[in-house]
1. Any aspartates and glutamates with Cα under 18 Å of the LYS95 Cα? List them, leaving off those in the same chain fewer than 8 positions away.
2. With the cut-off at 30 Å, tell me which of the pairs LYS70/LYS138; LYS10/LYS39; LYS63/LYS137; LYS39/LYS63 have Cα atoms farther apart than that.
3. If we sort 44-54, 70-80 on the protection proxy, mean other Cβ atoms within 10 Å, highest first, what's the order?
4. What spacing in nm lies between the two simple spin-label points modelled at ILE17 and VAL98, each 7 Å away from Cα in the Cβ direction?
5. Rounded to the nearest 0.05, what FRET efficiency do THR126 and ASN91 give with R0 = 35 Å and r taken as the Cβ-Cβ distance? Could you check?
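Values quoted throughout were computed directly from the atomic coordinates according to the rules given, and no laboratory measurement underlies them. Everything numeric in this text was worked out from a predicted model, so none of it was measured. Every residue, glycine among them, receives a Cβ derived from its backbone with ideal geometry; neighbour counts consider all protein chains shown.
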Amino acid sequence: MSVIIAFITKYFLEGVIVAILGIVTKFLSKFLSNDRIQKIKDAVLTAMLYAEEFYGIGQGTEKWELAWQKLIEILQTEGIELTEEEIRLANITMKAKVPEINCLTYGTCPEPEVKAHIKKLIVTRTPEAVSMIEGLKKKYQ
């Protein structure tokens, strides 16, 4: 009987400790891994490029909402659920990536397309917006 008790205390308890250590390690690596942060950053860039391609030039609010929805969708396929801290990190990263996305998108646009869009925006502006823009131009020139 003492052989059975010695076997259980030696091997079974060691197995339980190894299993617990494995579970804790998996849990910590899921939430503290640099790979997770890199996946979030890559997903932010992908989502923003997707929204930029979908809407084209302009429409900032709609682009932001589409990019956020696409970010959540991409992360769900990766098996990542954002915590509150990661949501703040994603928002900051998205705001920081706007100039990079604009450079990538508008740097590759043909010049006539950009000018045509600017003319289209000018036509669709309200008279109040036009007067405010003219006032700002005069003020800062």
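1. Excluding near neighbours in sequence, the set is ASP42, GLU52, GLU53, GLU62, GLU65, GLU84, GLU85, GLU86.
2. Long pairs (Cα-Cα over 30 Å): LYS70/LYS138; LYS10/LYS39.
3. So the order, starting with the most tightly packed, is 44-54, 70-80.
4. With each label point 7 Å from Cα toward Cβ, the separation is 5.5 nm.
5. 0.70
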